[in-house]
Structures are given as C-alpha cells and as structure tokens.
Amino acid sequence: MDLKIENKIALVTGATQGIGFATAKKLCEEKANVIINGRNKEKLDNAINKIKKDVPNAKIASIVADLKDNEGCNYLISKIPHIDILINNLGMFEAKSFEEITEEEWLQMFNVNVMSGVRLSQHYLSKMLEQNWGRIIFVSSESALNIPKEMIHYGMTKTAQVSIAHGIAQLTQGTNVTSNSIIVGPSKSEGVMKFLDEIGKEENKTFKELEKEFFEIHRPTSLTKRFAEVEETANMIVYAASSLSSTTNGAMLRADGGIINSAFN
C-alpha cells in the first residue's frame, strides 16, 4: 500500500533500536526522507547501516542530540529547522517503588518522556500549519491508562503524552495537520528483552515461561497474550504519519493487544 508520504521529511526520536528503529525503517520503505535521533553516534550509524541493508534506496540521515533538556532540543532544531512528520518516540522507563522515587528521578522521567516531545512540537507545529500539512505523533503506552504500581512516574509521563497530543490537535482545526498518540502494549523492545533476560537468569525461567506468567499476573486483560513485535507497533505509527490518516486527529490509537478493557478508550 502506498501511504503517500514519499519525500516527506520525518524525524524519529529515540530511533537506534526498538519501536523507533522499526518505525524509521518502515518510513524509509515508504520513501520518506528520514532523520533518526539518538545520543550515540555509533549506535546511530549502526542503525542506518542496518536499515540500508534491508532498504538499499533508503533516504536516511542522523543527528546526535540529547533531548532531555532545552539545549539538546534547540541544537536539533537548529540543524533541522523544518520537518513534515514528527515521531516523539524517545522514552525511558524504570521499575522502582513509589516511596523510593526521588524528586530528581520524577523530573528526569518527565523531561525525557514528555518535555522532549513538547519542545519539538512547539517548534515544528507552526511550520506545519503554515504549509497546511503535518503529522505529530506521541508514542505513549497502555501504562497511560493502567498506571503500573511498580513505576508510577513512568505511567504519569505516558498519560501526559496522551493529553498533550490531544491538546495540540485542537490547534489544527480546519487544516491538514494532525496530532495523535499511540497506546503501545508490552513489546519486544531491546530494553524489555534485556530486563526479561535478567529475570530469567535469576529465576531460571525461559522467555516463554516469563511471557505466560507476565500476562497471567500483570496484564490479564490482554487479548493477544504475548509481547508484540516492534514492527507491529511501527505499522500503526507509520499509518498515523501517512497521508491516508487524514481524518484521524486528536485520537488515542491503540496498539496494545487489547489490554485496555473498554470499548470507549
């Protein structure tokens, strides 16, 4: 299917691995001009090489910038003043008891997961409105609605992303600019797989055993009962970034495997 975004300029933050990497690859397959962001040049170069191996004609570049603060965001903006598609994928997570989360950790989680996207959106939205075409997407999580007790600070940032994406959409009335959030379910990202591998070694359990246990105990409402492949999530993100999604605006799109157990969310 032609998603009609050939030569559109797309920026994907946090794109050296996982969902961000898979999204960048699919955007390249759709012949968009893709810019991937991360903090490590070597990882960015490796990501580009992997994508070009599978998509030989990929139009892809990278920019090294730490988006946790104004300095990093302003640097990126100075180098890339204009884009058509903004995928706010950068994020961090940490399992930690509520009583033990420090104020600095709350602020770090908020700055990385929320403010990075806010700062970039504030800059790029006006230019999208001027050209009367643009896509802003916040990659959120089912934790936005099912706040995990083991990482409340993470859940808070995911809820904030949904609210911000919806609010930005209200500013696009009557235009061809859209703003949406994607509710992502448990996925086979590198970070999650590493975390599960460590637990498996400690408890002497296989991935399949941990997966079954996770969905029975922690996500019993899941309909798929499995960790999603990152490519499955990227399919939804890239569709939302496409010209075909023109009437999808202000939406909370679900790629959560049916975890959110309500027809009205």
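Largest GNM mean-square fluctuation across Glu198, Glu231, Glu30, computed for the chain with C-alpha springs under 10 Å, falls on Glu198. Evaluating 6.51 cos²θ - 1.76 cosθ + 1.60 at θ = phi - 60° for every residue in the range 230-245, the Karplus couplings come out as 4, 5, 5, 5, 4, 4, 5, 4, 5, 4, 5, 7, 8, 5, 6, 9 Hz, glycine and proline recorded as x. Karplus-derived 3J(HN,Hα) values for the range 19-31, using 6.51 cos²θ - 1.76 cosθ + 1.60 with θ = phi - 60°, are 4, x, 4, 4, 5, 4, 4, 5, 5, 5, 4, 8, 6 Hz; glycine and proline are entered as x. Under a 5 Å amide H cut-off, with hydrogens placed 1.01 Å from N, Ala32 pairs with Asn7 among residues at least 5 apart or on other chains. Once every Cα of the range 5-99 carries one equal point scatterer and solvent is ignored, give the base-10 log of I(q)/I(0) from the Debye formula at q = 0.10, 0.14, 0.17 Å⁻¹, two decimals. So the normalised log intensities work out to -0.26, -0.48, -0.68. Across the chain, the relative contact order, built from alpha-carbon pairs under 8 Å that are at least six residues apart, equals 20 percent. Take the Cβ atoms of Lys79 and Gln173, set R0 to 25 Å, and the FRET efficiency comes out at 0.20. The convex hull built on the alpha-carbon positions of the range 128-265 has an orientation-averaged projected area of 9.0 nm². Can you give the angle from 0 to 90° between the axis of helix 190-203 and the longest principal axis of the chain, with both taken from C-alpha atoms, to the nearest 10? Long axis of 190-203 versus the principal axis of the chain: about 10 degrees.
The Cα atoms of the range 150-228 define a convex hull whose projected area, averaged across directions, is 7.0 nm². Computed packing ranks the peptides 118-124, 202-208 as 118-124, 202-208, most packed first, by mean other Cβ atoms within 10 Å. In this structure, the residue pairs whose Cα-Cα separation is over 27 Å, taken from Lys53/Lys194; Lys52/Lys158; Lys8/Lys52; Lys25/Lys212; Lys41/Lys96, are Lys52/Lys158; Lys25/Lys212; Lys41/Lys96. Taking 16 Å as the cut-off, the amide N atoms of the range 24-58 that come nearer than this to a point 7 Å along the Cα-to-beta-carbon line of Glu71 belong to 39-40. Electrostatic bookkeeping for Leu76 treats Lys and Arg as +1 and Asp and Glu as -1; over the other residues with beta carbon under 15 Å from its beta carbon, the sum is +3. Note that the range 131-138 has calculated 3J(HN,Hα) couplings of 8, 6, 6, x, 9, 10, 10, 9 Hz, one per residue in order, obtained from phi through the Karplus relation 6.51 cos²θ - 1.76 cosθ + 1.60 (θ = phi - 60°); glycine and proline are x.
All C-alpha pair distances within the range 78-154, sorted into 5 Å bins from zero, spread as 3, 14, 22, 20, 14, 10, 9, 6, 2, 0 percent across the bins.
Between Lys149 and Asn46, full extension at 0.36 nm per residue minus the direct alpha carbon distance yields a gain of 33.5 nm. Mean silhouette area of the chain, derived from the convex hull of its C-alpha atoms and averaged over all directions, reads 14.4 nm². If you plug the beta carbon distance of Glu99 and Thr206 into 1/(1 + (r/R0)^6) with R0 = 41 Å, you get a FRET efficiency near 0.80. The relative contact order of the range 152-265 comes to 40 percent, based on Cα pairs under 8 Å that sit 6 or more residues apart.
Readers should treat all values here as calculations from the given coordinates under stated rules, not as data from a laboratory. Bear in mind that the values here come from a model prediction, so they are computed numbers and not experimental data. Cβ coordinates were reconstructed from backbone atoms using ideal geometry, including for glycine residues, and neighbour counts include every protein chain displayed.
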